[in-house]
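Student: Got a structure here, written out as structure tokens. Questions coming.
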Ligand code: NAP
């Protein structure tokens, strides 16, 4: 079997066009959606992520407010900025780029964001809403993975899904979303003794580890759907995922490439969450 590629760029383009339409409709009613992006310090990777998020807003009719602070910014000053944005009616989403400098308690900052504006979906309350099946903001990367799976037309109902990785931002919310879609879910992690034992039984595998070749062809059930969240560098310095793409493509039915799979979807779902926040605020 040769797997079909799930094209994250194409799906992103389609979803961003829908975002732009919704943004235009909101703006016409006097509620232009606004996202505040805060960057503290000089981390080069964070600067790239933030630039891409701001550009994605601008390209799709959302207003973005970008605030950049020195790494010496105090925790109290950052909390004061978040508090001001919480009550700013023109701002519907607040994103504080992680990681923060060590002297700032990231949890305290995340928890200070109004849940109605927590478009990253990282707060304890947002996680609780997800767990309880209540409406709220889903963390962007797993939310994007769900859209990628949905785009294949493969139903999750009654299927066995294996998630590799249990981080609060990817693995755990991914598992909850799959469960909510009626999959039977197994979560694997670094203490799982025989990873292949689980993945070989999976109809859907989501790899969110951050290590190359965590999933190889011999670990995949023929016809499985494989979603690769990982972002690594290969020996030539090129971006690659957690999955041996060439090998697994011979066994799976659907597979996401890296780059061009999950990556573009993460920012897209941030836009979707911000639009949703603005629509809720506008009573739509
Ligand atoms: P993380 O917080 O480091 O979590 C990695 C998880 O993988 C942990 O739960 C860890 O288990 C597990 N793990 C480590 N080695 C393992 C092994 N040999 N077998 C099975 N599980 C193993 O990372 P993350 O934030 O979830 O991100 C995961 C990857 O996705 C990274 O490459 C990251 O760059 C990428 N990512 C991509 C996007 C995107 O937009 N494309 C977004 C977010 C993240 P323990 O819990 O036991 O330590």
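Student: Only residues that are within 17 Å of residue 279 (Cα to Cα) and either assigned to a strand (DSSP E or B) or modelled with pLDDT under 95 (or both): list them for the stretch 49-93, please.
Tutor: Within the stretch 49-93, 63, 64, 93 meet the criteria.
Student: If you don't mind, another one. Tell me whether the stretch 148-156 contains one or more residues that are in contact with a helix residue (DSSP H, G or I) (Cβ under 8 Å, 6 or more places away or on another chain) and within 15 Å of the ligand (Cβ to nearest atom).
Tutor: Yes, because at least one residue in the stretch 148-156 is in contact with a helix residue (DSSP H, G or I) (Cβ under 8 Å, 6 or more places away or on another chain) and within 15 Å of the ligand (Cβ to nearest atom).
Student: Within the stretch 20-29, is even one residue surrounded by 15 or more Cβ atoms within 10 Å (Cβ to Cβ) and under 21 Å from residue 259 (Cβ atoms)?
Tutor: Pass one, the stretch 20-29, residues surrounded by 15 or more Cβ atoms within 10 Å (Cβ to Cβ): 20, 22-23, 25-27.
Then keep just the ones that are under 21 Å from residue 259 (Cβ atoms); that gives none.
For the stretch 20-29, residues surrounded by 15 or more Cβ atoms within 10 Å (Cβ to Cβ) and under 21 Å from residue 259 (Cβ atoms): absent.
Student: Just to confirm my filter: which helices (runs of 4 or more DSSP H) fall fully inside the stretch 99-173 and include at least 3 residues that are out of contact with any strand residue (DSSP E or B) (no Cβ under 8 Å at 6 or more places or on another chain), without any contact (Cβ under 8 Å) to a residue 60 or more places away in the chain and surrounded by 17 or more Cβ atoms within 10 Å (Cβ to Cβ)?
Tutor: Of the helices (runs of 4 or more DSSP H) lying wholly inside the stretch 99-173, those with at least 3 residues that are out of contact with any strand residue (DSSP E or B) (no Cβ under 8 Å at 6 or more places or on another chain), without any contact (Cβ under 8 Å) to a residue 60 or more places away in the chain and surrounded by 17 or more Cβ atoms within 10 Å (Cβ to Cβ) span 124-132.
Student: I've got another one for you. How many residues, within the stretch 176-197, are closer than 30 Å to residue 134 by Cα and more than 10 Å from the ligand (Cβ to nearest atom)?
Tutor: Number satisfying all stated conditions: 11.
The values are calculated or read from the model by the stated rules, or taken from the named source; none is laboratory data. For clarity, every value in this text was computed on a predicted model and none was experimentally measured. As a convention, Cβ positions derive from the backbone with ideal geometry for all residues, glycine included, and neighbour counts pool all protein chains shown.
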